[in-house]
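Peer 1: Dumping the structure here so I can ask a few things about it.
Nothing in this text is a laboratory measurement; each read-out follows from the coordinates by a stated rule. Every value quoted in this text rests on a predicted model; they were computed, and no experiment measured them. Glycine also receives a Cβ, built like all others from the backbone with ideal geometry; neighbour counts cover every protein chain displayed.
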Amino acid sequence: MHLRQWQSECVNRALEHFNDQHRHFICLATPGAGKTIMAAEVAAKLFEQDLIDFVLCFSPSINISQGIKHTFSKRLECRFDGVIGAIGCSYTYQSMLSFKEDFWQLLKQNRVLVVFDEIHHCSGGSLDDANAWGEEILLNIQNQAEYTLALTGTPWRSDQAPIALSRYTAPDNQIQCDYIYGLKEAVTDGVCRNPKIVLIDNDEISVTDEDNETKTFNSLGDLFKGSSVTHQSIIKNDVAIRHALTLATNKLDNIRIHNPNAAGLVVASSIDHAAYILNMLRNEYAQTVEIVTYKEENPSFKIHEFRNSTTNWIVSVGMISEGTDIPRLQVCCHLSRVKTELYFRQVLGRILRVNKATNQDAWLYTFAAPKLVEFANRIAEEIPDVPVVFRESETFMASVKQGGREIILASSPFQSECKVRLSTPTTNESHRSILAQLNNQDLTWEKSPSFEILGSFREKVVSTFNSPF
């Protein structure tokens, strides 16, 4: 397997790290750079040196887990499905919650390399600030695994909690990565596409409040600052949606002149929002389009089908945010209510992976909410100044009934997600469905004062790394 220069460097760095008696290695590499191939190579070298007996891989979703399984099986030339004769297996983080003690004995009785993809999903400098997945790592992996290899493209968490297995400097609490390969280097090396981020604004928005008083704002920034109109209200507004989709579909049509199978992604905010956009793309823009949400019977299969099709667009709610490898995606509309820097970069990462097509453009369209403008303007910073807080947290316990199972929830004001425990084992698919429902992805839209978009739209294109285009 031919490795890129950064992959070879990282493999050598990891092997040196392990040979120096260090057990935990963390790699920060920009989305689309090829972290999984690098990890498979590390595993292969450790097997060649007779330093490990088995490999376990964990990742955020079934779709990513299946991709890891394929890559490791191909590189190691062996089954990688956990059955007799296999030398490893790939699981989701969710599955850790249903493993019994006999599974974790594997790490105590064998020399195991554990690979974590997108490790930032797992929080926990200690049990006090750990989420459910981080807690499993602290209890069953941290001191039992022979080696761990943690991968991330965004090494921080929106809830300010420390990432499991990570080291932080004192007193500023900056994460210490053992190898860093940034987007700027990846673009220079031709490993990733150079993204163009289009920030959509408007110069006349009229707002009528409850007292029937009208105010006019000449930008989205002023609108959000001077009224109670929300970002959510803009991304569900017919006029705004149509303008964003017009820009994006025109761009994709131009790219498909040279790349006939190029595709676009719309990141929607809810299932209803996604269905509305799907109908608009299909009926008003005459685009071929698919939709994938957690309510689909087999979302992973639909993603796989789209990856190998020539369908123009896929509309997603939280299913194609990170780690999903669809190189033909070159245009994205970020129409999600989520406005964190972590999520923004993960969405951008979906259009960065290069392929063999003639045109390697990558365009992301979003509205000029102040936070998104800020994130776009500092996309070149590999580790933004995101605070990390180490502290004890008071835990609250509750239980709910779901499909005959009792679900034990533990959460705290410090954490952004619940720790979930099931009183009886469950499959990955049903567990994911339960989590999705608990996360309440179909929250109703916030109420907002009446407003009209009357002015002309304008776009600012953020030039990343001073590239001409």
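Peer 1: Extension gain residue 50-residue 206, at 0.36 nm per residue separation less the Cα-Cα distance, in nm?
Peer 2: In short, 49.3 nm is gained.
Peer 1: Pick the calculated mean projected area of the Cα convex hull in nm² for this structure from [x] 24.8; [y] 23.7; [z] 32.4?
Peer 2: Here the calculated entry is [y].
Peer 1: Same structure again: For a footprinting-style exposure proxy, rank 154, 293, 188 by other Cβ within 10 Å, fewest first.
Peer 2: Ranked by crowding around the Cβ, least crowded first: 188, 293, 154.
Peer 1: Let me ask something else. Would you calculate, for the chain, the mean residue ellipticity at 222 nm contributed by helices, counting each DSSP H stretch of 4 or more residues as -39,500 (n - 2.57) and dividing by all residues, to the nearest 500?
Peer 2: -9500 deg cm²/dmol
Peer 1: Place the peptides 172-179, 193-200, 113-120 in order of packing, highest mean first, counting for every residue the other Cβ atoms within 10 Å and averaging per peptide.
Peer 2: 113-120, 193-200, 172-179
Peer 1: So if each residue of separation counts as 0.36 nm, and I subtract the Cα-Cα distance between residue 275 and residue 3, what length gain in nm does that give?
Peer 2: Stretched fully, the residue 275-residue 3 segment lengthens by 93.8 nm.
Peer 1: Now a separate question. Roughly what would the spin-label model give for residue 457 and residue 298, points 7 Å off Cα along C-beta, in nm?
Peer 2: With each label placed 7 Å out from Cα toward Cβ, I get 3.7 nm.
Peer 1: Quick one: length gained pulling residue 377 to residue 105 fully straight, 0.36 nm per residue minus the C-alpha distance?
Peer 2: Computed gain between residue 377 and residue 105 is 93.2 nm.
Peer 1: What's the Cα-based Rg to Rh of the stretch 5-187, Rh via Kirkwood?
Peer 2: Result for the stretch 5-187 is an Rg/Rh of 0.93.
Peer 1: Still on this model: Sort the following peptides by mean Cβ neighbour count (other Cβ atoms within 10 Å, averaged over residues), highest first: 332-343, 302-313. Working shown, then result.
Peer 2: Numbers: 332-343: 21.0, 302-313: 17.9.
The packing order, highest mean first, is 332-343, 302-313.
Peer 1: So for the pair residue 359, residue 215, with labels modelled 7 Å out along Cα→Cβ, what separation do we get in nm?
Peer 2: The two pseudo-label positions are separated by 4.2 nm.
Peer 1: Are there GluC sites (Glu not before Pro) in the stretch 176-227 that DSSP marks as loop and that have at most 16 other Cβ atoms within 10 Å, and which are they?
Peer 2: Sites meeting the loop and neighbour criteria: 204, 210, 213.
Peer 1: Cα axis of helix 62-76 to longest principal axis of the chain: angle in degrees, 0 to 90, nearest 10?
Peer 2: That helix lies at roughly 50 degrees to the long axis.
Peer 1: Once the Cα atoms of helix 35-48 and of the chain are each reduced to a long axis, what angle between those two axes, in degrees from 0 to 90 to the nearest 10, is obtained?
Peer 2: 10 degrees
Peer 1: Among the trypsin sites (Lys or Arg not before Pro) within the stretch 1-38, which fall in a DSSP loop and have no more than 16 other Cβ atoms within 10 Å of their own Cβ?
Peer 2: Answer in residue order: 23.
Peer 1: I'd like to compare 39-51, 276-288: which one has the highest average count of other Cβ atoms within 10 Å, and what's the full order after that?
Peer 2: Working: 39-51: 18.4, 276-288: 16.1.
Final packing ranking: 39-51, 276-288.
Peer 1: If you put +1 on each Lys and Arg Cβ and -1 on each Asp and Glu Cβ, how big is the dipole of the chain around its Cα centre, in Debye rounded to 20? Present the calculation step by step, with values, prior to reporting the outcome.
Peer 2: Details: 45 positive and 56 negative charges, 220 e Å.
About 1060 debye.
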